[in-house]
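The values are calculated or read from the model by the stated rules, or taken from the named source; none is laboratory data. Because the structure is a prediction, the values reported are computed rather than measured. Using ideal geometry, Cβ is built from the backbone for each residue, glycine included, and neighbour counts are taken over all protein chains shown. Surface accessibility is based on the protein's heavy atoms, side chains included, excluding ligands, DNA and RNA. Shrake-Rupley method; radii C 1.70, N 1.55, O 1.52, S 1.80 Å.
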Amino acid sequence: MNVEPRMAGLRQWRTDRLEDLVAQLERTTDPALPCFARDVARTELALRREGGTVDWVCRVRAQPRSDGRSVLLTLALPTTLSEPEVRDAALVRARELFGSDVVVDSVQFGD
């Protein structure tokens, strides 16, 4: 899949075309596809959402657990947040849900 020319000028794309591109990029398993391409398209689509939010999936776990089991937590947050800010928001929400002994293992765009 040749993505580079398609990524240029996303801001001028109609929303329905952009939604189709995001769906196509999420379905592809092409190892040559740069990871940033999907994220750029998702971010542009998120900016068009009401409130300018994007879904983030955060993997959290209770710290004292030795079994290593984790839980996925999905948060809709403003697109302007950096990854450390998303981690902080995930930690606050996870503590509300699961108690104070939780850690955030990973943060990524949601599916």
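Details
- Pick from the range 7-19, criterion over 16 Å from F109 (Cβ atoms) and either of a type in the set (S, T, Y) or at pLDDT 75 or above (or both), ranking: most open to solvent (accessible area, probe 1.4 Å): R14
- Residues of the range 89-107 that are surrounded by 13 or more Cβ atoms within 10 Å (Cβ to Cβ) and not in a strand (DSSP E or B): A89, A90, L91, R93, A94, R95, F98.
- E26 passes every criterion in (1) in contact with a Leu (Cβ under 7 Å, 6 or more places away or on another chain); (2) at pLDDT below 80 apart from (1).
Listed here are the residues, each with its yes/no results for (1) loosely packed, with under 14 Cβ neighbours inside 10 Å; (2) at pLDDT below 80; (3) not hydrophobic (A, V, I, L, M, F, W, C).
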| position | (1), (2), (3) |
| --- | --- |
| L21 | no, no, no |
| A32 | yes, yes, no |
| C35 | yes, yes, no |
| D39 | no, yes, yes |
| R49 | yes, yes, yes |
| R59 | no, no, yes |
| L72 | yes, no, no |
| L77 | no, no, no |
| E83 | yes, no, yes |
